[in-house]
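Okay, so here's the structure we're looking at.
The values are calculated or read from the model by the stated rules, or taken from the named source; none is laboratory data. Note that the structure is a prediction, hence the values are computed from the model and not measured. Cβ coordinates were reconstructed from backbone atoms using ideal geometry, including for glycine residues, and neighbour counts include every protein chain displayed.
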Amino acid sequence: MSTSGYKRILLKLSGEVLMGDQSFGIDTDTVARVAEEVKAAKDTGLELCLVIGGGNIFRGMAGAAKGMDRAQADYMGMLATVMNALAMQSALEQLGVPTRVQSAIQMDSVCEPVIRRRAERHLAKGRVVIFAAGVGAPYFTTDSGAALRAAEMRCDALFKGTSVDGVYNADPKKDTDAKRFETVSFDRVLQDNLKVMDASAVALCRDNDIPIVVFSIREQGNLAMVLAGDGVSTVVSNQA
């Protein structure tokens, strides 16, 4: 998988990645390392959007499972994504990467509202745009938010950085015989419930023909390697 055909990508990171070795919260060293990965990707000439989950701080589904009102819990999860976005913005700007945060929940004191044409201008000027607060409504995950922004911003691909190096036919942490796909179709992912992203996000990418590239962000330098075609990943697409 090479960047040769890509001008603009959206990078989706799970909030858990920012915990590092901690059990909760934001590990500043880990955020700094991930920021270096983002900078290296941007330095290849790509226009780059980011979406970061909030599971390292608060996950709406977990709150609802413990008796909280689901909509209230989801809004709390959205606020967690804003905290992560601001942390990443700070780390990127310390590396000299101009960055803007746009939130689907309006909070003018700390970031911009999501305005597509403004985000387009930021990208054209070489800035990284971090989209926060998901889609701005409960009952949708940040995966859905990432797919929506990728479609809205006409991204060439959605890169999902996780703790595993691709898509498997079973959970590789539980099944030692699990096999990794090099490529797999959107329809196969949905039919076999392969847990790449939630079903609505996969369907949105399928319908807009946006390939999903799943790789491990925990390995240093892996994003650049995957972009160059040297790293390990799984490509989910309509052509697989």
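Evaluation of VAL31 against the conditions (1) modelled with pLDDT of 95 or more; (2) outside any helix (DSSP H, G or I); (3) under 30 Å from ASN222 (Cα atoms) shows that the sole unmet condition is (2). The set of residues from the stretch 81-123 being free of Cβ contacts under 8 Å to residues at least 40 places away in the same chain, assigned to a helix (DSSP H, G or I) and more than 27 Å from GLY60 (Cα to Cα) comprises GLU93, ARG117, ARG118, GLU120, ARG121, HIS122. Among the residues of the stretch 47-71, which ones are surrounded by fewer than 19 Cβ atoms within 10 Å (Cβ to Cβ) and either free of Cβ contacts under 8 Å to residues at least 60 places away in the same chain or under 29 Å from VAL128 (Cβ atoms) (or both)? Hits for the stretch 47-71 are MET61, ALA62, GLY63, ALA64, ALA65, LYS66, GLY67, MET68, ASP69. Note on the stretch 187-233: among residues that are within 19 Å of ARG8 (Cα to Cα) and polar (S, T, N, Q), the one that is surrounded by the fewest Cβ atoms within 10 Å (Cβ to Cβ) is ASN208.
Within the stretch 228-240, if we keep just the residues that are part of a loop (DSSP other than H, G, I, E, B), within 27 Å of ALA40 (Cβ to Cβ) and small (Gly, Ala, Ser), the residue that is modelled with the highest pLDDT turns out to be GLY231. Of the strands (runs of 3 or more DSSP E) that lie entirely inside the stretch 127-227, those containing 3 or more residues that are in contact (Cβ under 8 Å) with a residue 60 or more places away in the chain span 128-132, 157-162.
Residues that are closer than 18 Å to SER144 by Cα and surrounded by fewer than 21 Cβ atoms within 10 Å (Cβ to Cβ) occur in the stretch 77-84; there is at least one.
Kindly establish whether ALA41 is surrounded by fewer than 17 Cβ atoms within 10 Å (Cβ to Cβ), part of a helix (DSSP H, G or I) and either touching a Ser or Thr at 6+ places or on another chain (Cβ under 7 Å) or modelled with pLDDT under 95 (or both). Spelling it out, it is not the case that ALA41 is surrounded by fewer than 17 Cβ atoms within 10 Å (Cβ to Cβ), part of a helix (DSSP H, G or I) and either touching a Ser or Thr at 6+ places or on another chain (Cβ under 7 Å) or modelled with pLDDT under 95 (or both). Applying the set (1) in contact (Cβ under 8 Å) with a residue 40 or more places away in the chain; (2) under 24 Å from GLN220 (Cβ atoms) to MET78 leaves exactly one unmet item: (2). Selection over the stretch 57-76 of residues that are closer than 23 Å to PHE159 by Cβ and at pLDDT 95 or above gives a count of 1. Restricting attention to the stretch 145-166, the residues being under 15 Å from ASP207 (Cα atoms), among the basic types (Lys, Arg) and in contact with a Lys or Arg (Cβ under 8 Å, 6 or more places away or on another chain) number 1.
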